[in-house]
Amino acid sequence: MFNLSLKHILITGAGSGIGLALATHFKQIGCTVSAVDLKVTDELLALNVNCFSADVSDQDSLFAAFKSACHKNGKLDGLINNAGIAIVEGPIGDADITVFERVLDINTKGVYLGIKYASQFLKSGGAIVNTASLAATVTMPEYCAYSMSKAAVVQVTKNAALQLGQHNIRVNSVSPGTITTPMEHADSEESRVATIATALSRPGDVSDLVGVYHFLLSDAAKYVTGIDVKVDGGWSAGITYAGIDKLISE
Ligand SMILES: NC(=O)c1ccc[n+]([C@@H]2O[C@H](COP(=O)([O-])OP(=O)(O)OC[C@H]3O[C@@H](n4cnc5c(N)ncnc54)[C@H](O)[C@@H]3O)[C@@H](O)[C@H]2O)c1
């Protein structure tokens, strides 16, 4: 029920971090991987997957990538809408509206467009996994646009699950906590907070996520749709012992 070999899976934002780890995993287990990113990176080329350069926030560009991927390898069994950016826009009173718009364009519109094309390019029985974020639930000061964009991803996941269920397509999201990637360096403020804020006392690693996406794409999850799975080391569960100590000692 976990077998995904020979399946065709398209991953956006596959050139780095979480997307690259997913592309590597699905390639290793025998899937046909179509990797979409702004630029085709050396790491992607080394993986020997099908690479397509596209901007997920641009309708024509993303449509062309889906079309080429499916023309070459047939309809999709799985779609991972993962491309995203994290820009801290600063205090809301001084926020740069172009940053706000760019974050929502890529993180929210990009996922919406991916889902839009899925109804055309995904097989019946296929599945979509959207990358949301813990920030959809537990936000941080000055991360307003990012948190809004990811809350919208959780909501579009539920809505699309209702609409695409009639075509036997499941739609779920994954909300990572802090995961060490080029977006979130090991010595970043958030990574240091994660050692105190998570029940597991550490930031996550891409290897902590891969199995969850695999599960959600597989038949093991064939009755799971419209949910968000938090992979956050217990950050959203509550205040940790270390957190209590820190609060009381200050
Ligand atoms: N790293 C974390 O701590 C963390 C936590 C929660 C959620 N996320 C989410 O996970 C996803 C992947 O993040 P990551 O940490 O791997 O980041 P990353 O920066 O390492 O990778 C993101 C990839 O998306 C691509 N991308 C950006 N804009 C694009 C666009 N317009 N069109 C196509 N591709 C585009 C980038 O080129 C890059 O290859 C993002 O959606 C991010 O918001 C990350």
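Read-outs: derived from the displayed coordinates by stated rules, not from any lab. Since we're looking at a predicted model, the values are computed, not measured. We place every Cβ from the backbone using ideal geometry, glycine too, and count neighbours over all the protein chains shown.
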task = Give, to the nearest whole percent, the P(r) tail of the stretch 1-89 beyond 17 angstrom, counting all Cα pairs.
result = 43
inquiry  = Using a 10 Å cut-off around each Cβ, can you sort Asp232, Asp94 from fewest to most neighbouring Cβ atoms?
reply    = Asp94, Asp232
task = List the pair-distance distribution P(r) of the stretch 10-50, using every Cα-Cα distance, as the percent of pairs falling in each 10 Å bin from 0 up to the bin containing the longest distance, rounded to whole percents.
result = 35, 61, 3
Under 18 Å from Lys7, Cα to Cα: aspartates and glutamates that are on another chain or at least 8 residues apart = Asp77, Asp219
ask   = Which pairs in the list Lys72/Lys123; Lys27/Lys158; Lys75/Lys109; Lys158/Lys230 are over 18 Å apart, alpha-carbon to alpha-carbon?
value = Lys27/Lys158; Lys75/Lys109
ask   = By how many degrees, 0 to 90 and rounded to 10, does the Cα axis of helix 17-28 deviate from the longest principal axis of the chain?
value = 40
note = Per-residue ellipticity at 222 nm attributable to helices in the chain (runs of n ≥ 4 DSSP H, -39500 (n - 2.57) apiece, nearest 500 deg cm²/dmol) works out to -12500 deg cm²/dmol
inquiry  = Just to be sure I understand: if I project the alpha-carbon convex hull of the stretch 149-250 onto a plane and average over all orientations, what area do I get in nm²?
reply    = 7.8
Ranked list, fewest to most other Cβ atoms within 10 Å of each Cβ, for Ile239, Ile196, Ile106, Ile9 = Ile239, Ile196, Ile106, Ile9
query = Hey, fewest Cβ within 10 Å first, where do Leu247, Leu134, Leu209 land in order?
reply = Leu247, Leu209, Leu134
inquiry  = Test of understanding: express the Cα radius of gyration of the chain as a ratio to 2.2 N^0.38 Å, with N the residue count.
reply    = 0.99
